[in-house]
Amino acid sequence: MHKIISKKKLAPKIIRFTVEAPEIASSRKPGQFIVLREGEKSERLPFTIVDSDSEAGTIDLIIQEAGYSTLSLCALEEGDFITDILGPLGKPTDIKNYGTVVCVGGGVGTAVIYPIVKGMREAGNHVITLNGARNKELIILEEELKEVSDELIISTDDGSYGVAGFGSTILQGILEEGRKIDCVVAIGPVMMMRAVAEVTRPYEIETIVSLNAIMIDGTGMCGGCRVTVGGEVKFACVDGPEFDAHLVDFEELITRAGYYRKEEQCQMKKLADQLEQEKA
Ligand SMILES: Cc1cc2nc3c(=O)[nH]c(=O)nc-3n(C[C@H](O)[C@H](O)[C@H](O)COP(=O)(O)OP(=O)(O)OC[C@H]3O[C@@H](n4cnc5c(N)ncnc54)[C@H](O)[C@@H]3O)c2cc1C
Ligand code: FES
């Protein structure tokens, strides 16, 4: 059992939890994730380890309400318990001194990219962070990213804060200015990662994306997270989650992510009906 030490709302439907998990806290590296079950009969869900404190024995998770299970998780309070947390899982990010690195985070992908920005800076890179969201309310970790980036550009799709537009367009602008970029890391919605891959492809810049494939066991046994990279079958949980963006079959990733949409919608309807009944 893992106790929730703190809970903080970062934006509508986005919660930061600090949770007791001493073994994971002392061994995790940027880019790694956990699989948790809220209760014994709950779904297994993957989440990135955003930060950790090995002395306190805690890890930080940033969770966005996306459907039935995350809605239930986000309703937990300080002092509540999560039944099990498995990790750290996945290969850590290849952190090294590339030179100048651009990290593009979109939506809750910003939570996933934060430990990578921190790690890249510690490795001596000049880090330019592009932090984008649909609107001002949904921008998260602005202060934290400012501290660990050499340059931070905030953008919103609707122009309500920072620069108006997508991270991929801002990256295009940086490249057109002729700046020498040695590596790009992009994490967020699949469409955003695919757009970034197309921006960097003609410049032949090493580009890394973290694939949010559907995961169940997280240990390479179920095949749920199958992706195709460079024409080869890979399992995102053990071979990734990070891969060379220029080799990823994004179309397949999008199709596979939608396999359970009917069941997901059905679960959400059940929950909405249950809440309605409780109100009556
Ligand atoms: C390696 C990895 C790291 C992730 N890190 C974060 C994070 O730090 N914060 C965060 O908010 N989200 C993260 N996610 C996504 C998160 O796991 C899903 O949002 C969550 O599982 C949705 O569950 P649900 O039942 O609430 O929603 P559902 O209604 O079941 O699904 C909503 C959408 O979430 C995705 N999803 C559903 N089940 C899974 C699953 N078992 N595995 C992966 N995706 C699923 C699908 O795209 C689906 O369409 C990560 C996913 C992966 C693969
Ligand atoms: S989650 Fe089962 S093989 Fe990757």
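The values are calculated or read from the model by the stated rules, or taken from the named source; none is laboratory data. This is a predicted model, so every value here is computed, not measured. Positions of Cβ are backbone-derived with ideal geometry, glycine not excepted, and every protein chain shown enters the neighbour counts.
Here is a check on your reading of the model: is ILE140 of a type outside the set (Phe, Trp, Tyr), more than 16 Å from ligand 2 (Cβ to nearest atom) and assigned to a loop (DSSP other than H, G, I, E, B)? Yes, satisfied.
Scan segment 194-238 for residues that are surrounded by fewer than 20 Cβ atoms within 10 Å (Cβ to Cβ) and assigned to a helix (DSSP H, G or I) and the total you get is 6. The set of residues from segment 72-103 being part of a helix (DSSP H, G or I) and either surrounded by 16 or more Cβ atoms within 10 Å (Cβ to Cβ) or within 17 Å of the chain's Cα centre (by Cα) (or both) comprises LEU73, CYS74. Kindly indicate whether PHE47 is surrounded by 17 or more Cβ atoms within 10 Å (Cβ to Cβ), closer than 17 Å to PRO241 by Cα, without any contact (Cβ under 8 Å) to a residue 24 or more places away in the chain and not hydroxyl-bearing (Ser, Thr, Tyr). Considered against the rule, which asks whether it is surrounded by 17 or more Cβ atoms within 10 Å (Cβ to Cβ), closer than 17 Å to PRO241 by Cα, without any contact (Cβ under 8 Å) to a residue 24 or more places away in the chain and not hydroxyl-bearing (Ser, Thr, Tyr), PHE47 comes out as yes. For segment 152-183, filtering for residues that are in contact with a Phe, Trp or Tyr (Cβ under 9 Å, 6 or more places away or on another chain) and not in a helix (DSSP H, G or I) leaves 6. Cβ separations smaller than 7 Å between residues 6+ apart or across chains give the following pairs from segment 115-129 residues that are under 17 Å from ASP60 (Cβ atoms) to residues that are among the aliphatic types (A, V, I, L, M) and assigned to a helix (DSSP H, G or I): VAL117/LEU145; VAL117/VAL148; LYS118/VAL148.
Could you check segment 239-264 and list, in sequence order, the residues that are assigned to a helix (DSSP H, G or I) and surrounded by 12 or more Cβ atoms within 10 Å (Cβ to Cβ)? Result: ASP239, ALA245, HIS246, LEU247, PHE250, GLU252, LEU253, ILE254, ARG256, ALA257, GLU264.
Considered as a group, the residues in segment 217-260 that are away from ligand 2 (no atom under 16 Å from the Cβ) and within 17 Å of the chain's Cα centre (by Cα) include one that is modelled with the lowest pLDDT, and that residue is ILE254. Within the option set ALA213, ALA197, being within 9 Å of ligand 1 (Cβ to nearest atom) and either touching a helix residue (DSSP H, G or I) at 6+ places or on another chain (Cβ under 7 Å) or of a type in the set (Val, Ile, Thr) (or both) holds for one residue only, ALA213.
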